[in-house]
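To start, the structure itself, in structure tokens.
The values are calculated or read from the model by the stated rules, or taken from the named source; none is laboratory data. Computed from a prediction, not measured in an experiment: that's the story for all the values here. All Cβ positions, even for glycine, are placed from backbone atoms using ideal geometry, and neighbour counts span all protein chains on display.
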Amino acid sequence: MESLSDASRRAFELLLSGNAELWGIIGISFSVSLRAIAIATPPALLLAFVLVYTRFPGRRLMLSVFNTLMAVPAVVVGLSLYLLLSRSGPLGDLRLLFTQTAMVIGQIVLSFPILVAMGHSAMAAADQRLWETALTLGAGRTRAMLTLLHEVRYGLLIAILAGFGRIIAEIGTSMMVGGNILHHTRNIPTAIALETSKGAFAQGIALGMVLLLLAFALNMLLSVFQQHEAPAT
């Protein structure tokens with residue numbers, strides 16, 4: 001087994017040399033997660049808006065459910081989707097199991113509760129008179145909603161970054177519904193798990209560096225957005 005220093009050196013070499021397999025894995029990971037967050041964000045924020053500005057039976061229960069779902073382990077989501085998408089499952093005829101589409105669906109399910117709960121918090125913290133004022137001044141409901149979303153944009157960006165950070169590093173759902181297929185569904189977390197299980201640490205360390213750099217960048221962005229959000233709250 002190679003030493004940690006040798007593995008780390010080779011990890012840097014893999015990253016800097018533009019290794020096709022390594023960067024292909026990184027590309028798949030970002031492609032799947034960016035698609036998932038882009039699809040999940042609009043309906044999640046619309047639902048968050050409805051939960052803030054409308055009153056209906058079960059509203060508080062629905063919000064509590066989304067807050068609870070934020071903590072659901074990724075492997076539980078993966079198992080549920082696997083049972084749905086497997087050949088013997090109700091959606092087996094769609095043949096989505098072990099595809100990037102299945103991974104996108106799994107990551108949408110994981111990020112949706114975060115986007116709803118954090119989006120709700122951001123909108124609820126805004127001045128509640130903004131919505132009524134916009135309507136009073138003649139703005140349509142769509143324009144009034146867009147005005148509100150612009151007012152709390154930093155809080156919403158925080159929610160989106162938190163959702164993206166949750167799914168880019170998850171392994172349970174991607175492994176179960178993606179199958180960890182090279183050049184097709186192998187992403188950063190599943191590749192790290194595979195390489196370390198084989199005792200080949202160089203690629204795992206290289207991919208881990210990518211996740212660490214991403215985590216640092218996301219935290220920096222979160223800090224910037226929180227500084228912008230603080231005066232409004």
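Filtering segment 160-184 down to residues that are closer than 24 Å to Pro113 by Cα and of a type in the set (Val, Ile, Thr), which residue is farthest from the chain's Cα centre (by Cα)? Step through it out loud before you land on a result.
From segment 160-184, those closer than 24 Å to Pro113 by Cα are 160-178; that's our starting set.
Now drop any that are not of a type in the set (Val, Ile, Thr), which leaves 160, 167-168, 171, 173, 177.
Details: Ile160: 8, Ile167: 4, Ile168: 6, Ile171: 12, Thr173: 12, Val177: 16 Å.
So, considering only residues that are closer than 24 Å to Pro113 by Cα and of a type in the set (Val, Ile, Thr), the one farthest from the chain's Cα centre (by Cα) is Val177.
Looking only at segment 164-187, count how many residues are part of a helix (DSSP H, G or I) and in contact with a Phe, Trp or Tyr (Cβ under 8 Å, 6 or more places away or on another chain). Steps first, answer last, please.
Going residue by residue through segment 164-187, those that are part of a helix (DSSP H, G or I) are 164-168, 172-178.
Then drop every residue that is not in contact with a Phe, Trp or Tyr (Cβ under 8 Å, 6 or more places away or on another chain), which leaves 168, 176-178.
Here the count works out to 4.
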Query raised in the report: Looking at this structure, is Phe98 in contact with a helix residue (DSSP H, G or I) (Cβ under 9 Å, 6 or more places away or on another chain), without any contact (Cβ under 8 Å) to a residue 40 or more places away in the chain and in a loop (DSSP other than H, G, I, E, B)?
Result: no
Report summary line: Filtering segment 134-172 down to residues that are modelled with pLDDT of 90 or more and small (Gly, Ala, Ser) yields Gly155, Ala159, Ala162, Gly163, Gly165, Ala169, Gly172
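A quick yes/no check of all residues on (1) surrounded by 15 or more Cβ atoms within 10 Å (Cβ to Cβ); (2) assigned to a helix (DSSP H, G or I):
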| position | (1), (2) |
| --- | --- |
| Ser5 | no, yes |
| Ile28 | yes, yes |
| Ser31 | no, yes |
| Ala44 | yes, yes |
| Ala48 | yes, yes |
| Arg55 | no, no |
| Thr68 | no, yes |
| Val76 | no, yes |
| Arg87 | no, no |
Report summary line: Checked pairs for segment 71-84, first without any contact (Cβ under 8 Å) to a residue 60 or more places away in the chain, second assigned to a loop (DSSP other than H, G, I, E, B), C-beta under 8 Å and 6 or more apart or across chains, list as Leu83/Gly89; Leu84/Pro90; Leu84/Leu91
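Kindly indicate which of Thr185, Thr196, Thr173 is β-branched (Val, Ile, Thr) and over 12 Å from Met103 (Cα atoms).
Numbers: Thr185 fails: over 12 Å from Met103 (Cα atoms); Thr173 fails: over 12 Å from Met103 (Cα atoms).
The conditions single out Thr196.
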Query raised in the report: Which members of segment 196-225 meet the condition of being surrounded by 19 or more Cβ atoms within 10 Å (Cβ to Cβ) and not hydrophobic (A, V, I, L, M, F, W, C)?
Result: Gln203, Gly204
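Determine, yes or no, whether Ile39 is assigned to a helix (DSSP H, G or I), among the β-branched types (Val, Ile, Thr) and within 24 Å of Val116 (Cβ to Cβ). Steps first, answer last, please.
On the way: assigned to a helix (DSSP H, G or I): yes; among the β-branched types (Val, Ile, Thr): yes; within 24 Å of Val116 (Cβ to Cβ): yes.
So Ile39 fits the description; yes.
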